[in-house]
Amino acid sequence: MISSAATTATTRYTTLDSPMGELLLVGEESSTAPGGTALTALSMPGQRGAATVQPHWRRDPRSFAEAARQLRAYFAGELSRFELEFRTTGTELQERVWRDLEAIPYGTTTTYGRLAEAIGVPRSDVRALGAAIGANPLLILRPCHRVIGADGTMRGYAAGVERKTALLTHEGALQPTLL
């Protein structure tokens, strides 16, 4: 994963149909990113705190061709790690947590407490870590869905616990359930 600091640039967007619903991909121009666009957000319908298209944004599906290709491959079960450039603007703690989410392997889960320990966040700040995870602007790409409660329960997900469960089932971290 390539990450870089935010700069002022033309905001571009596109949408992509997926098993999770229509995804909104948002990005900014970048001379180093595939397709010339660094991703700033990936949102799902009904997501808490989701990006919303602004009048000054430019619809530009071609700029997201590589991101779309990788997302399609992910949903087809052919890709387990994204190689895209991200450009996010969070607090120091948020940026650290978001980068560290990328280290959680595909098909696995970790707990909030284990993640806090792994990145050196004191137990007393686990709630702040949870808030940072909840503010992740790049759902799926920075896999916050892989963080679960210590008791194995699905604890919150900005796009809904049902989608979190669906993503973990897709990745093989959860077994499908029969209804």
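Hey, what's the Kirkwood Rh for the chain if you take every pair of different alpha carbons, in angstrom? Walk me through the numbers before you get to the answer.
Working: mean 1/r = 0.0601 Å⁻¹.
Kirkwood hydrodynamic radius for the chain: 16.6 Å.
With every protein chain left in place, what is the accessible area per residue of the chain in square angstrom, probe 1.4 Å?
On a per-residue basis, the chain sits at 50 Å².
Once neighbouring chains are kept in place and the probe is 1.4 Å, which whole percent of the accessible area of segment 136-179 is contributed by carbon and sulfur?
Working: 1170 of 1950 Å².
For segment 136-179, the apolar C and S fraction of the accessible surface comes to 60 percent.
Using a 1.4 Å probe on the protein chains only, how many percent of the accessible area of segment 27-129 belongs to carbon and sulfur? Walk me through the numbers on the way to the answer.
Numbers: 2750 of 5570 Å².
Carbon and sulfur: 49 percent of the exposed surface of segment 27-129.
By Kyte-Doolittle mean hydropathy of at least 1.6 and Cα axial length of at least 18 Å, which whole DSSP H helices of the chain are selected? If you can, show how the numbers build up before the last one.
On the way: long enough: none.
Helices meeting the span and hydropathy rule in the chain: none at all.
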Self-check item: Where the Cα pairs of segment 54-139 fall when distances are cut into 5 Å bins, in %
Solution: 3, 11, 20, 19, 17, 14, 9, 6, 1
Practice problem: Would you calculate, for the chain, the mean residue ellipticity at 222 nm contributed by helices, counting each DSSP H stretch of 4 or more residues as -39,500 (n - 2.57) and dividing by all residues, to the nearest 500? | Solution: -8000 deg cm²/dmol
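The values are calculated or read from the model by the stated rules, or taken from the named source; none is laboratory data. In this text the structure is predicted, and so the values were computed from the model without any measurement. Heavy atoms of the whole protein, side chains included, go into the accessibility calculation; ligands, DNA and RNA do not. Shrake-Rupley method; radii C 1.70, N 1.55, O 1.52, S 1.80 Å.
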